[in-house]
1. For region 153-215, state the semi-axes of the equivalent ellipsoid (square roots of 5 times the eigenvalues of the alpha-carbon gyration tensor), sorted largest first and rounded to whole angstrom.
2. If you count only protein heavy atoms with a 1.4 Å probe, what accessible area per residue comes out for the chain, rounded to a whole Å²?
3. When the chain is treated as a GNM, springs tying every alpha-carbon pair under 10 Å, which of GLU214, GLU53, GLU75 comes out with the largest mean-square fluctuation?
4. If you build a Gaussian network model of the chain, linking Cα atoms that sit under 10 Å apart, which residue out of PRO40, PRO186, PRO120 swings the most?
5. How big is the Kirkwood radius of the chain, worked out from every pair of different alpha carbons and given in Å to one decimal?
6. Can you tell me the relative contact order of region 129-273? Whole percent, Cα pairs under 8 Å, sequence separation 6 or more.
7. Okay, helix-only estimate at 222 nm for the chain: each DSSP H run of n ≥ 4 adds -39500 (n - 2.57), divide by all residues, round to 500 deg cm²/dmol; what do you get?
8. Springs between alpha-carbon atoms under 10 Å, Gaussian network over the chain: tell me which of ASN262, ASN46, ASN115 tops the mean-square fluctuations.
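The values are calculated or read from the model by the stated rules, or taken from the named source; none is laboratory data. The shown structure was predicted, so the numbers you read here are calculated from the model rather than taken from an experiment. Cβ placement follows ideal geometry from the backbone for every residue including glycine, while neighbour counts extend to all protein chains displayed. In case anyone asks, the SASA skips ligands and DNA or RNA and just uses the protein heavy atoms, side chains included. Shrake-Rupley method; radii C 1.70, N 1.55, O 1.52, S 1.80 Å.
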Amino acid sequence: MVSPTHGSNNAVGSPAPIGAEDGATAPEQGLSLTGERTVPGIPEENYWFRRHEVAYEYIADRCHGRDVLEAGSGEGYGADLLSAVARSVTCVDYDQSAVEHTRARYPHLTIHQANLIDLPLADASIDSVVNFQVIEHLWDQPAFVAECLRVLRSGGELLMSTPNRITFSPGRDTPLNPFHTRELDPAELHELISAAGFSVIEQLGVRHGRGLRELDTRWGGSFIDAQIDRALSGQAWPSDLTADVAGVSTADFDISGTDLDNSLDLLFVAVKP
């Protein structure tokens, strides 16, 4: 499921991708799949990749003409997408292999290897901080959000996405994903961000659109579970499942501010006063 990396108390990452075997190398990427990083170009990984890509597409206009920091940039595809509209894009990631990969594949981006609770940027130097599918991996979440406040200019925006705890680990306080330290529900995410001094101005959720709801029905009630079950079995994927996963696009997801508790991922926008 997808994004950056893992490896220390405040390293970054996201839900485990299920399409490729742990430790494999993504085609034409030169970047090992750790089970905590989504990359483009893998048919079985496409659902998770598109589910994260849609959030970047949604916030791209908010980054137009701005100096953007992606905190926890992973493979770099999101920062690359935003670089088409932003004035500048700076990436920070904890994992050295991800940093080296991003430098090689996206040389127009500026990238630093650093801990996210000690960002290598000056005070009030950034207009937008993008932090997608990362916060759930951090041990000291308040310290990181405070760092985002520090590097943002007055009026700057924090754009954050994370799996919705209610639907990702239902009925549990301890995350199902062993690489997650703390997952958040909508109220908890709002409290985390506002306690640092931000004003939350948008609370959104990512859900399946009509086409994906049809796939849920086709695959016994949950298209996600169908993928996970096949991946955990260690057996080759059936061709019809691979085709359905490979055919998913960002247009198959909906983003709205209604019924947040039933969303798959949360997407919040907050402003520094």
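1. Value: 25, 18, 9 Å, ordered largest first.
2. Value returned for the chain: 40 Å² of accessible area per residue.
3. GLU214
4. PRO120
5. Hydrodynamic radius (Kirkwood, Cα pairs) of the chain is 18.5 Å.
6. Relative contact order here is 39 percent.
7. -9000 deg cm²/dmol
8. ASN262
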